[in-house]
Amino acid sequence: MVKERRIFRYVLSDAWENMISQVDIIENLNGGNVRCLYYEPYTIYNREANTEADFFTTAISSESISRIKKAMYSHKDIFSFKKVEDPVVLDGVINTFEFALEKELVNIIKAYNIWVFEKAVMDVAFFETPVLPYKGKEVVAVYDEISKILLDSGVNEKYLKLNIEI
């Protein structure tokens, strides 16, 4: 009997750690192997907690699962990252990524405002010290590959955003 196993999780939270969205990809599950949650985020105008979740589940092919695993293998350095560079952005969001290829290849990366690494030309003013933002770029690169596969499989982009609009 083949056991279910989560190979990927992404969680977007606001600066106060209130979850906004979550995406799970489960391997070896018959149907519904992608599960998504979304809560309307707090805004400057609405500080009340939204407890109603928008839940979406869909099945992606074993070929898509293989492509997601291949994306993680092609960025294998992410499994050694304990932390990525912190941009200097007040408040913002918390991005948590869990990558799990095998029992020995599992890593959870908690990053703050990782959307900064998506910019084509990153402004050094975003960082406390002038560092090459290698780790953050690598995490965003693998995440972008996974997101594209999920978008092509019918997952709404609201579950996959790296930042929120306030």
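Every number in this text was worked out from the coordinates using simple rules, so none of it is lab data. Given the structure is predicted, the values throughout are model-derived calculations rather than measurements. For neighbour counting, all protein chains shown are included, and Cβ atoms are generated from backbone atoms with ideal geometry for every residue, glycine included.
Projecting label points 7 angstrom from Cα along Cα→Cβ for residue 165 and residue 137 puts them 2.8 nm apart.
With 26 Å as the limit, the listed pairs 76/110; 3/83; 3/70 have 3/83 beyond it between alpha carbons.
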